[in-house]
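The values are calculated or read from the model by the stated rules, or taken from the named source; none is laboratory data. The model shown is predicted, which means the values in this text are computed figures rather than measured ones. Methodologically, a virtual Cβ is constructed for each residue, glycine included, from the backbone with ideal geometry; neighbour enumeration extends over all protein chains shown. For accessibility, only protein heavy atoms count, side chains too; no ligands or nucleic acids. Shrake-Rupley method; radii C 1.70, N 1.55, O 1.52, S 1.80 Å.
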Amino acid sequence: MRRPRPSILTCVITLLVVVTLGCGLLGYARAVHRLPDGIYSQGGLARFLDYLYLSLLLLTMSGRNTFGDHFLMVGRWTGALFAFVTVLKLAVPRLESALRGHLMQWLGDHTIVVGQGDRGRCFLRDIARAEGDPPLVGARRCVGIDLASVDRESLDDNRPGRRIRRSRVHLIQGDATDPTILRRAGLRSAVRVIIVAKDDLTNLEITRQILAEIARRGRRRRHLDLIVHLSQPALRLEGPSLLEAPERVSIRPFSLPALAARTLQAHWLFAAQARLQGAAGAHLVLVGYDDAYAEELLLSLLRLGALSDQKPPTVTVFTKDPIDTERRLQRNYPAARTLASSFEVLAHFPGVDLTREEMAAVEVRGKVTALVVTAATDTQAMALAHRLRGQAHRFAVWRAPLFVHTERPAEFAQNFSACRNAREIAEVFEPFGDIETLCSLRGLQDWHEELAIAIHEGYLAERLPGEEAPAAISWRDVSEEYREANRRVVDHFPLLLATAGYIVRGSPLLPAAPLVFSAEQMHTLARLEHQSWSAERLLGGWQFGQPRDDRNKRHDCLVAFEELGPMQQRDVSQIQRMTRLLEGAARAHTPRPTVFRERTIGLVGHNVLSREQARWVLTRASQMATEQLRCAQRLGRGGEFWTLVTPLAPGSDLLLTQAVCGELERCSEGSGGPRRFRVLIASPGTPEQLAAAYLRSDPPPQATPDGHATLEDLLHDHDRPNDRRAVVASLLRDFIDGLTCCEWVIDLRPPAATGPLIADQDFAACDDYVLSRCDELIVVLDTQRYGLVSGFNAEQWRQLPHERFKKHGSGALVWRWLQQRPDTTLHVIDVGAEEVTRAQAAS
């Protein structure tokens, strides 16, 4: 934090005071014999006080006689300058404020911000920033109105790139419903009014008074945008319709909780991340539900729904008053329970910790995939979030990312920075709802909003002549309900992309190549789009009814997708319209693309290998990445992004990942572009547990866990040569830390699993994850272990009896792969003795 510095004017006034007093003391001491009778006193102290008194009179322009002394002449002038500068400092700000208030009525193109709380100050700072071009019309000049006393110092922000010029901000203390205050703020010539007062009803009343003042003043020459903060969803959709906006005036309600939920979902799509975590569907746990932010996240989750192969989302709410919360949810959103596979509201008091049994019972309904903590203040939310994270670690439950609502996360930067580079998905600890970002012109008009406007304009352009519909009017005039419908399309499209095999790696959505969907995929995507549209309508209070009746919220399309008949084409057209917009945006923008076709490759194999087998695996894996996978030709070209999935284990899994990643790194460096691949490590246990499982297999002395040295060699070089388990565990940790392309370590342990051993079902869960996530498989297999001396043959392997394999392991995984996905790509590196011998002889 920078140390405050005095202004130049303050320094000048201080200098004038010092010079005046110094010259006065010296001058009166020299002219002591000329002073009038009654002033001069006897004694050192009394004489000094008389001189000081006479010197102070110079500051008030009362010392007129200098008695011909040069010091008194200088002191008289500096005293007069002091009086002049002081009057100037006191009078000029008021004159400037009054003058700027009158000029604002005629200059125009400025923004009025009503409400000087934290949100209002953020808007003012954003509009009046000193650097950069104005992002939108009406930036750079702004007027702030508030009932409380106006503090210009509160607008200062010393962070780099956030400096503002105070001359661009005019502050007024008063009631925004007073016509006189509105005229002083220049309402007549403003282009935008942002209303962020204390509550929704106050904001609506201020909007009504502004509209009344505009109606009294007559027809406007400029268009005026009234941007009103309404956090309650029902009031945001219905409130503006109660106000009649005159010509050239549009009302746009906005909600910071809704913007925060949209931003969080864009960065961390809950359904897609649930698939990443190996869950059957998204399971959101909301702790501290008595908050508008938690409600908007809940509505966003239910509105967007699930991927095509997932069950509907699961929701668990912890609140201090569960009965009142459940009654309120049932009254406001009666369809919420029907849109979730499980919906439960439980009691939780902020000062009482949850027990192990209570937390474990939540995961009976499904693996928790996201935690959201909200509270009345940022400090309370942070304290509650830290306690929950500590309990989750202690009880080995809720291994999921945690999101905490904080309006000013910069104050807790140290807490978040420690988890910012976390490799384990259960260590994610992120804030959402930063008002510095949301309370800005760009926050209101980001790429989500621009794309929603473009979707609506495309709908108007494609509408049939003569077709009447409530939404068939311009974006400025259409109701907020239909605006939200277009925003939902933008929010839902990343989920459709994930279903179709694409991956989103940033924002905005810019495809690296044209988006291509097969006929089967288009049918699936249209069905998901219809389900999301139906969920939004149901949450908004709509019901099925024939014929359609917008006034009473009855719609004839609120049926299953298969029952729509020809109306299915509307969902298809919506997806095609969105696809064309994204492809057009990708051609028009210079930034690097963010949407890619995902190619998912599994890397598995035996844990116990000899050094000869390990060398053969490294050689063949590098060749396979170059020849069969064609990384040089496909990686980074044609819009592909590669995801490598491997279990956390010594031996083949480690060797395959290092070899393939090495080839992919070389291809990325040669292409000169950003890295377009990542590694996901599926872990059935901790490194210590996996090391113990490896040692239980009793590896022979010549076995190598890392592909270079035997276990005995590693023990000799390790700090603790007698601790075999610590050596292998350290090897696994070094593998994770040294793999720069590793994005996440996925913890697949069951809830409350804290024992020292890993069960067979834990390893089987790891195999299930690879089988469900991957489109291709590279496997290291010793065919001679299974009685095949002629090498690997897919048809022969498929016909082997399942009893020959363990419940888990490379052989069982290949058998299941061939049974379930016979048409997908399978690459086998045979490490049988004969194969290795022939390879060594050939080399």
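Overview of values
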{"quantity": "Criterion (modelled with pLDDT of 90 or more, surrounded by 16 or more Cβ atoms within 10 Å (Cβ to Cβ), farther than 19 Å from LEU748 by Cα and in contact with a Pro (Cβ under 8 Å, 6 or more places away or on another chain)) met by exactly one of ALA347, ALA335, ALA375", "calculated": "ALA375"}
{"quantity": "Selection count, the stretch 485-506, where residues are more than 12 Å from LEU451 (Cα to Cα) and in contact (Cβ under 8 Å) with a residue 60 or more places away in the chain", "calculated": "13"}
{"quantity": "Neighbours by Cβ (under 7 Å, 6+ apart or cross-chain): first from the stretch 353-378, more than 13 Å from VAL287 (Cα to Cα) and hydroxyl-bearing (Ser, Thr, Tyr); second modelled with pLDDT of 90 or more and buried (at least 22 other Cβ atoms within 10 Å of the Cβ)", "calculated": "THR369/PHE270; THR369/ALA274; THR369/GLN277; THR369/ALA282; THR369/HIS283; THR369/ALA400"}
{"quantity": "Filtered residues of the stretch 542-568 (kept if closer than 17 Å to ALA485 by Cα and either hydrophobic (A, V, I, L, M, F, W, C) or in contact with a Ser or Thr (Cβ under 8 Å, 6 or more places away or on another chain) (or both))", "calculated": "TRP542, CYS557, LEU558"}
{"quantity": "Residue in the stretch 514-521 that is in a helix (DSSP H, G or I), at pLDDT 95 or above, out of contact with any strand residue (DSSP E or B) (no Cβ under 9 Å at 6 or more places or on another chain) and open to solvent by less than 40 Å² (accessible area, probe 1.4 Å) present", "calculated": "no"}
{"quantity": "Subset of the stretch 393-410 [small (Gly, Ala, Ser) and surrounded by fewer than 24 Cβ atoms within 10 Å (Cβ to Cβ)]", "calculated": "ALA396, ALA410"}
{"quantity": "Neighbours by Cβ (under 6 Å, 6+ apart or cross-chain): first from the stretch 176-194, assigned to a strand (DSSP E or B); second open to solvent by 10 Å² or more (accessible area, probe 1.4 Å) and of a type outside the set (Lys, Arg)", "calculated": "ARG192/ASP225; ILE194/ILE227"}
{"quantity": "Hits in the stretch 554-604 (condition: among the basic types (Lys, Arg) and assigned to a helix (DSSP H, G or I))", "calculated": "ARG570, ARG577, ARG580, ARG587"}
{"quantity": "Subset tally (residues that are part of a helix (DSSP H, G or I) and among the β-branched types (Val, Ile, Thr)) for the stretch 605-651", "calculated": "3"}
{"quantity": "Residue in the stretch 793-807 that is within 19 Å of ILE746 (Cβ to Cβ), at pLDDT below 85 and open to solvent by less than 60 Å² (accessible area, probe 1.4 Å) present", "calculated": "no"}
{"quantity": "Residue among LEU495, LEU525, LEU509 that is touching a helix residue (DSSP H, G or I) at 6+ places or on another chain (Cβ under 6 Å), crowded, with 22+ Cβ neighbours inside 10 Å and not in a helix (DSSP H, G or I)", "calculated": "LEU509"}
{"quantity": "Filter result for GLN628 (open to solvent by 50 Å² or more (accessible area, probe 1.4 Å), within 19 Å of VAL831 (Cα to Cα) and touching a residue at least 24 places away in the same chain (Cβ under 8 Å))", "calculated": "yes"}
{"quantity": "Criterion violated by GLN265 - all others in (1) open to solvent by 20 Å² or more (accessible area, probe 1.4 Å); (2) within 28 Å of the chain's Cα centre (by Cα); (3) not small (Gly, Ala, Ser) satisfied", "calculated": "(1)"}
{"quantity": "Only listed residue being modelled with pLDDT of 85 or more and either over 29 Å from ARG442 (Cβ atoms) or part of a helix (DSSP H, G or I) (or both), chosen from ARG121, ARG100", "calculated": "ARG121"}
{"quantity": "Which listed residue is open to solvent by less than 70 Å² (accessible area, probe 1.4 Å) and not in a strand (DSSP E or B), from GLU363, GLU358", "calculated": "GLU363"}
{"quantity": "Answer from HIS456, HIS492 - the residue that is within 25 Å of the chain's Cα centre (by Cα) and either among the basic types (Lys, Arg) or at pLDDT 90 or above (or both)", "calculated": "HIS492"}
{"quantity": "Members of the stretch 550-593 that are in contact (Cβ under 8 Å) with a residue 12 or more places away in the chain, small (Gly, Ala, Ser) and either touching a Pro at 6+ places or on another chain (Cβ under 6 Å) or within 22 Å of LEU339 (Cβ to Cβ) (or both)", "calculated": "ALA586"}
{"quantity": "Failed criterion for ILE778 (all others in (1) touching a Gly at 6+ places or on another chain (Cβ under 9 Å); (2) closer than 16 Å to THR646 by Cβ; (3) not in a strand (DSSP E or B) hold)", "calculated": "(3)"}
{"quantity": "Residue list for the stretch 810-833, restricted to those being assigned to a loop (DSSP other than H, G, I, E, B) and open to solvent by less than 10 Å² (accessible area, probe 1.4 Å)", "calculated": "VAL831, GLY832"}
{"quantity": "Enumeration of residues in the stretch 618-652 that are more than 27 Å from LEU509 (Cβ to Cβ) and under 33 Å from the mean Cα position of the chain (by Cα)", "calculated": "THR646, PRO647, LEU648, ALA649"}
{"quantity": "Residue satisfying all of: in the stretch 715-771; surrounded by fewer than 16 Cβ atoms within 10 Å (Cβ to Cβ), at pLDDT 90 or above and touching a helix residue (DSSP H, G or I) at 6+ places or on another chain (Cβ under 8 Å); farthest from PRO705 (Cα to Cα) among these", "calculated": "CYS741"}
